[in-house]
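The structure appears right after this line, and notes come after that.
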Amino acid sequence: MGLETHRTKEGGMRANPRVLLVQSDAVERELLGTWFEMSGFDVTGCPGPTAPTYVCIGDRTGRCPLIDEADVVVLDCRIDSDDVLEGTSAYDLLSLYVSSERPVVVLNAPEIADLFTEDEVAFIDREARGGVVGAAQRLVSER
């Protein structure tokens, strides 16, 4: 990743790229977050849509406030709202992130993978080396 700098929403600069990591499972979110931190990323974790309404803030307001500081979004599409068939779906959440014009890396989304182009979304496997972290690093360096 080199000595690149990344702009904050206030116009300041920071050395590390920031990943918005959306993962409903807390243990998995912690593991993935650790992989990103070990690779030089700052991490903002989000559980995605949760009970009782399973509607995320971005779906209610039209924008996700957590994405303002993110250089890349990593979304695991195994979200609670899809399990209960209520609230913000994985498709709607992914559409929201794609519309933010940030690079998006997606895990576990075989049923919606063909609804987005490779220019919009990188669908990858979860493994640390060359998988999710490698995809995020490539997308940030291409911006």
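The values are calculated or read from the model by the stated rules, or taken from the named source; none is laboratory data. In this text the structure is predicted, and so the values were computed from the model without any measurement. We place every Cβ from the backbone using ideal geometry, glycine too, and count neighbours over all the protein chains shown.
For the subset of the range 108-142 comprising residues that are exposed (fewer than 11 other Cβ atoms within 10 Å of the Cβ) and assigned to a helix (DSSP H, G or I), which member is modelled with the highest pLDDT?
Top of the filtered list is 114.
I need a count of the residues in the range 44-66 that are surrounded by 19 or more Cβ atoms within 10 Å (Cβ to Cβ) and more than 24 Å from residue 85 (Cα to Cα).
Of the residues in that region, 0 qualify.
What are the residues in the range 38-52 that are without any contact (Cβ under 8 Å) to a residue 40 or more places away in the chain and either of a type in the set (Asp, Glu) or in contact with a helix residue (DSSP H, G or I) (Cβ under 9 Å, 6 or more places away or on another chain) (or both), if any?
Those that are without any contact (Cβ under 8 Å) to a residue 40 or more places away in the chain and either of a type in the set (Asp, Glu) or in contact with a helix residue (DSSP H, G or I) (Cβ under 9 Å, 6 or more places away or on another chain) (or both): 38, 40, 42, 43, 44, 45, 46, 47, 50, 51.
Any residue at all in the range 82-91 that is aliphatic (A, V, I, L, M), crowded, with 20+ Cβ neighbours inside 10 Å and without any contact (Cβ under 8 Å) to a residue 24 or more places away in the chain?
Within the range 82-91 (the criterion being aliphatic (A, V, I, L, M), crowded, with 20+ Cβ neighbours inside 10 Å and without any contact (Cβ under 8 Å) to a residue 24 or more places away in the chain), the answer is yes, since at least one residue qualifies.
Here is a check on your reading of the model: is residue 74 modelled with pLDDT of 90 or more, at negative phi and buried (at least 21 other Cβ atoms within 10 Å of the Cβ)?
yes
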